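Right, one structure below, let's go through it.
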Amino acid sequence: MEHVVVVGAGLGGLRTVEFLRAEGFSGRIILVGDEPHEPYDRPPLSKQILAGQWPEERAVLHRGGLADLDVSLHLGASAVGVDRAAVELNDGTRLRYDALVVATGVRPRRLPGQPDHPELHVLRTLKDCRGLRDSISRARSLLVVGAGFIGAEVAATARMAGLQVTMLEALPAPFARVLGEQMGQLCARLQTDNGVTVRCGVRLEGFLDTSPGMSRNSNGGIAVRLADGSIVRADCGVVGVGTVVDGGWLAGLEVPTEGGLLCDATGVVEGTGNVYAVGDVAAWRHPTVGDRPRIEHWTSATEQAAVVAQRIAGKQVTRHADVVPYFWSDQYELTLQLVGRCDLATSVEVLHDPGVIRGTVAGYFANGALVAVLAFHAPRLLNRYRKLVATGASEHEVRSTAAELASR
Ligand SMILES: Cc1cc2nc3c(=O)[nH]c(=O)nc-3n(C[C@H](O)[C@H](O)[C@H](O)COP(=O)(O)OP(=O)(O)OC[C@H]3O[C@@H](n4cnc5c(N)ncnc54)[C@H](O)[C@@H]3O)c2cc1C
């Protein structure tokens, strides 16, 4: 492998380049990114940078420039086509490759009829964050459509800035499908305890005030109509209803892209020999479960990049990705942490119940084995359970551990 092209200059793309050099790869590396910025970190976009607590520069992932990586950068350039030998950019450049790494992430899903309104936002990029931050700084109220992690974190940041916040969710409780209803209710309580109005089980029928006259008026606010006929208004809004893979430019590879790029357990896109995928766009075969989930976690992008770099550099693959996935979310004064795969669970059990949200820990089981643990600001407890998730500990073993930890 002499020429590596990495498309997507975000977390997964940058980490691939860093790991390639760390593995001693001395060939040519080209990094292509459609944003004008050097690779930056996304988690602060819904937290410290949205709140104005951090300067934007603090999100830069590789401090001090990329010169030490000896990488040829094409920023502000989109990959628009690809075949098994080269990538084509929107300025007509053709970049030949021996190995291609697709690290293009995902785009926010839009609702049917979602208007382009200056006060209605999605949140994925620094540009999105700047727009939302400006709106929040002028607004007294925020409408959050979708109580997922992005919506929950934006709600928390806006509440802490003093805005009135209303959150709309179609499910009976936030995350009910993934975390189960009980833990979903706890996530809702974290919001309501902090003054957010949470309306679950609602169906959004459409947006109002989207006429050209209104949408040109940046003070016009936004309004939605719900299926029960009620109307919810706010000065600004954010839609956080999941993500989609934008795979149009990959058509020339003739592989499926809709649910993510299907990869083996070392990141090779199935049906290709020299195309790899990392990060949110990638659906790797899980090493033990055997399915191919698309895991949109910060840690997964980094772990996957390490494996792909070893493969491309011709090293023995000693790294592993996604064996026990890890995700965190900061909301108000709490950090929620999730290890493992609660999507596999058939039952949930509260392992630690201090009577308040902080310190609550739940275990997720499939066929009597621990598959995931969710902790509301209990990092030490979570660390104790991490190993038990990795080994698929039995309910009995998990309960004994919970009793032992509770007695301390
Ligand atoms: C607001 C926010 C908060 C988050 N908070 C957390 C958190 O608290 N904890 C956690 O575990 N995870 C969090 N995440 C998820 C985490 O940031 C992602 O999992 C991670 O960024 C994935 O990295 P990636 O490289 O796959 O994608 P990205 O970081 O999105 O990078 C992909 C890059 O590719 C570019 N691109 C796309 N198409 C093309 C093309 N055709 N040509 C060229 N470039 C292209 C994109 O513009 C982007 O710059 C958060 C995500 C967001 C958006």
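The values are calculated or read from the model by the stated rules, or taken from the named source; none is laboratory data. Note that the coordinates shown come from a computational prediction; the quantities given were computed from them, not determined experimentally. Cβ coordinates were reconstructed from backbone atoms using ideal geometry, including for glycine residues, and neighbour counts include every protein chain displayed. Heavy atoms of the whole protein, side chains included, go into the accessibility calculation; ligands, DNA and RNA do not. Shrake-Rupley method; radii C 1.70, N 1.55, O 1.52, S 1.80 Å.
In table form, for the structure just shown:
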| read-out | value |
| --- | --- |
| Residues satisfying the stated conditions in region 13-26, i.e. open to solvent by less than 10 Å² (accessible area, probe 1.4 Å) and not polar (S, T, N, Q) | Gly13, Leu14, Val17, Leu20 |
| Filter result for the condition that a residue is part of a strand (DSSP E or B) and either open to solvent by less than 70 Å² (accessible area, probe 1.4 Å) or closer than 26 Å to Thr257 by Cα (or both), over Leu95, Leu123 | Leu95 |
| Total residues in region 360-396, condition without any contact (Cβ under 8 Å) to a residue 24 or more places away in the chain and over 23 Å from Asp322 (Cβ atoms) | 2 |
| Single match in Val348, Val289 (criterion: at pLDDT below 95 and either closer than 27 Å to Gly151 by Cβ or assigned to a loop (DSSP other than H, G, I, E, B) (or both)) | Val289 |
| Residue check for Leu126: more than 20 Å from Trp298 (Cα to Cα), within 14 Å of the ligand (Cβ to nearest atom) and of a type outside the set (Phe, Trp, Tyr) | no |
| Test: Arg28 is among the charged types (D, E, K, R) and near the ligand (Cβ under 8 Å from one of its atoms) | no |
| Single residue of Leu45, Leu50, Leu31 found to be in a helix (DSSP H, G or I) and either of a type in the set (A, V, I, L, M, F, W, C) or more than 22 Å from Ala158 (Cα to Cα) (or both) | Leu45 |
| Selection count where residues are away from the ligand (no atom under 12 Å from the Cβ) and either out of contact with any helix residue (DSSP H, G or I) (no Cβ under 8 Å at 6 or more places or on another chain) or assigned to a helix (DSSP H, G or I) (or both), scope region 8-24 | 6 |
| Counted residues, region 171-207 - those being in a loop (DSSP other than H, G, I, E, B) and either without any contact (Cβ under 8 Å) to a residue 12 or more places away in the chain or over 21 Å from the mean Cα position of the chain (by Cα) (or both) | 7 |
| Residue match in region 147-170 (condition: in contact (Cβ under 8 Å) with a residue 40 or more places away in the chain, assigned to a loop (DSSP other than H, G, I, E, B), within 16 Å of the ligand (Cβ to nearest atom) and among the aromatic types (Phe, Trp, Tyr)) | no |
| Single residue of Gly237, Gly221, Gly260 found to be out of contact with any Phe, Trp or Tyr (no Cβ under 6 Å at 6 or more places or on another chain) and either at pLDDT below 95 or aliphatic (A, V, I, L, M) (or both) | Gly221 |
| Hits in region 63-92 - residues which are within 15 Å of the ligand (Cβ to nearest atom), in a loop (DSSP other than H, G, I, E, B) and within 23 Å of Val307 (Cα to Cα) | Leu66 |
| Matching option when the condition is touching a Pro at 6+ places or on another chain (Cβ under 9 Å) and surrounded by 14 or more Cβ atoms within 10 Å (Cβ to Cβ), among Gly131, Gly105, Gly81 | Gly131 |
